[in-house]
1. Taking 37 °C and 0.692 mPa s as the conditions, I'd like the Stokes-Einstein D for the range 91-214 in µm²/s, using the Kirkwood hydrodynamic radius from alpha carbon pairs.
2. Roll a 1.4 angstrom probe over the protein heavy atoms and tell me the percent of accessible area of the chain that is carbon or sulfur.
3. Report the net charge of residues surrounding Leu170, where surrounding means a beta-carbon distance below 12 angstrom and charges are Lys +1, Arg +1, Asp -1, Glu -1.
4. With +1 assigned to the C-beta of every Lys and Arg and -1 to the C-beta of every Asp and Glu, and no other charges, what is the dipole magnitude of the chain about the Cα centre in debye, to the nearest 20?
5. With the cut-off at 25 Å, report for the chain the share of all Cα pairs above it, as a whole percent.
6. If you count only protein heavy atoms with a 1.4 Å probe, what accessible area per residue comes out for the chain, rounded to a whole Å²?
Amino acid sequence: MLLNDTDWASLATVCGTGESLPAALARLLDPDPAVTADAAGKALGEVTHQNTLYEATVPVALYVASILDEPGVSAGDFGPEADMPPPRRPTLVRLLRWLGDTAYDADDACLAIAERRCCEPDPHENEEMRAFRDLRPAIFSAVRPLLDHHSADVREAAFVAAAPLAEHPLLAERRSELAGHARHLLATSADRRSRDRALDALKAWGHDTNDLENPSDVAARERYARLRAERSGWDGGYSKHPPF
C-alpha cells in the first residue's frame, strides 16, 4: 500500500519532510466532509507551492489518483458547492483541480522554461517534474472515467486535469476523445478558467476554435495578449492564466 510503503520522512515538502502526510492522506477517506476538507488542505498544501513540485508531490499524486473512485471521495453534493472556495468544495472536485494544476505545472511548456534556466544540462535537474510526467498515463487512467460523471462540475474538473496529462506521447490517441469533451464544456460552461483550458487544448491539438469562442473568450484572449506583451521580459510559468 502506497501510504505504508513510502518513506515519507525522506521526501521533501514545502516546509520540511512528508512524515505527517500519511495521516492527512488517510483522512481524505473520512466520512465527515469537514475532516476531508481539512485533510485536503494540509496534504495538498504541503506538496505544491508557487507552481513548484517537490519530492513528495509524486506519491501524493499517485495516492490522490488511486482514491478518486472511493465512495467517501466521490459522494456528496456536486451542485452549487463546487463553486465555493476550497474549504467547502466537494472533495472529488478539489482533488481533480489539484491534479490538473499539478499537471499544468509539469507540462511541456513549464519543462521547457525550467530547462532554459539551467546553464548546463544536468540529468538531476527538475527530477520531481520529470517523475510526475512519467506517471501521466497512470494518472490519466484514474481521471478518464470521471469525464462522464453525472455531475457537470466533476466532468469539467476531470477534463481540466486530463488535458495536460494527454501531452504524454502514449496518450496521443486520447486527444480526439478529449476534444469532444472540450467542445461540450465550451457549449455549457461559463467558467473562465475551464474555458481557457479547453480552448488552449483544442488549439494545441490542431483544432480551429473560432466558432467555439464567445465574446468573453475573445475579450479574455485580447487581455492575455496585452499582459504577455507587458511581461515579455519575464521568463516563468503559472498554472493559472493572468491576471492573478
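1. Values: Rh = 15.0 Å.
For these conditions, the coefficient is 218 µm²/s.
2. Numbers: 6420 of 12270 Å².
Carbon and sulfur: 52 percent of the exposed surface of the chain.
3. Details: positive: Arg133, Arg136, Arg174, Arg175; negative: Asp134, Glu167, Glu173.
Here the charged neighbours net out to +1.
4. Values: 27 positive and 40 negative charges, 148 e Å.
I would put it at about 720 debye.
5. Working: 12868 of 29646 pairs.
Summing the P(r) tail past 25 Å for the chain gives 43 percent.
6. Details: 12270 Å² over 244 residues.
Here the per-residue accessible area is 50 Å².
The values are calculated or read from the model by the stated rules, or taken from the named source; none is laboratory data. Note that the structure is predicted; figures quoted are calculated from it, not measured. Note that each Cβ is placed from the backbone with ideal geometry, even for glycine, and that neighbours are counted across all protein chains shown. Surface accessibility is based on the protein's heavy atoms, side chains included, excluding ligands, DNA and RNA. Shrake-Rupley method; radii C 1.70, N 1.55, O 1.52, S 1.80 Å.
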